[in-house]
1. Which members of the stretch 121-145 meet the condition of being closer than 15 Å to Glu38 by Cβ and part of a helix (DSSP H, G or I)?
2. Need pairs with beta-carbon distance below 7 Å; first residue closer than 14 Å to Glu83 by Cα and at pLDDT 95 or above and within the stretch 16-29, second of a type outside the set (Val, Ile, Thr) and assigned to a loop (DSSP other than H, G, I, E, B); sequence gap 6+ or separate chains.
3. Looking at the stretch 19-120, what helices (runs of 4 or more DSSP H) fall wholly within it and have at least 3 residues that are crowded, with 21+ Cβ neighbours inside 10 Å?
4. Which condition does Asp136 not pass, out of (1) under 12 Å from Ile157 (Cα atoms); (2) in contact with a Phe, Trp or Tyr (Cβ under 9 Å, 6 or more places away or on another chain); (3) of a type in the set (Asp, Glu), if it passes all the others?
5. Please determine whether any residue of the stretch 141-157 is modelled with pLDDT of 90 or more and touching a Lys or Arg at 6+ places or on another chain (Cβ under 6 Å).
Amino acid sequence: MMWNWKSKTPSNPDKIVISDTACLIGLANIGQIKILQEMYGSIIVTPEVIKEYGTMLPEWIVVKEVPDLKRITVFNKFIGPGESSVISLALETENSLLIIDDRRARQFALDLGLDIIGTLGLLIRAYENGIIPDIDSIIIKLRDSGFRLPTNTDVLIKAIKK
């Protein structure tokens with residue numbers, strides 16, 4: 001994906017960003033949910049994600065129903081309801097980018113040919129685009145809040161700072 005350095009958002013305006021719950025909760029818990037808006041303008045979630053999130057979401061987060069509920073039922077045999085719903089929606093949404101962190105769900109989405117990014121990848125892109133000046137403090141806050149990050153997080157952060 002190409003980035004427009006002036007607007008600090010993806011230069012592909014056709015990319016539809018859909019998010020699972022983990023990223024929303026993780027960033028909200030540390031007071032940084034606005035990073036999503038600064039990166040993408042608006043994002044889409046499903047009613048299942050809203051239920052998992054458990055509280056009001058900002059107005060720039062749009063809720064969209066998944067048309068194919070049968071697919072969610074099938075996917076629920078392998079992954080959680082939030083992940084099942086956002087993967088289903090991404091499959092039905094042309095040119096989507098799925099924010100998803102659960103390892104099993106990420107692999108499931110990749111196997112289905114979806115374009116994905118996790119919270120860490122999102123933070124790295126935000127750092128590279130100047131949206132967040134200090135990625136280290138955000139990583140520390142996420143860890144302190146109990147958010148599970150990949151085991152290679154420190155290596156990746158060190159690599160982007162070179």
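1. Across the stretch 121-145, the qualifying residues are Leu122, Leu123, Ile124, Arg125, Ala126, Tyr127, Glu128, Ile135, Ile138.
2. Cβ pairs passing all conditions: Asp20/Asp101; Ala22/Asp101; Ala22/Asp102; Cys23/Asp101.
3. 21-29, 81-91
4. Answer for Asp136: the failing condition is (2).
5. Within the stretch 141-157 (the criterion being modelled with pLDDT of 90 or more and touching a Lys or Arg at 6+ places or on another chain (Cβ under 6 Å)), the answer is no, since none of the residues qualifies.
The values are calculated or read from the model by the stated rules, or taken from the named source; none is laboratory data. Everything numeric here is computed off the predicted structure, so don't read it as measured data. Positions of Cβ are generated from backbone atoms using ideal geometry, with glycine treated the same way; all protein chains shown enter the neighbour counts.
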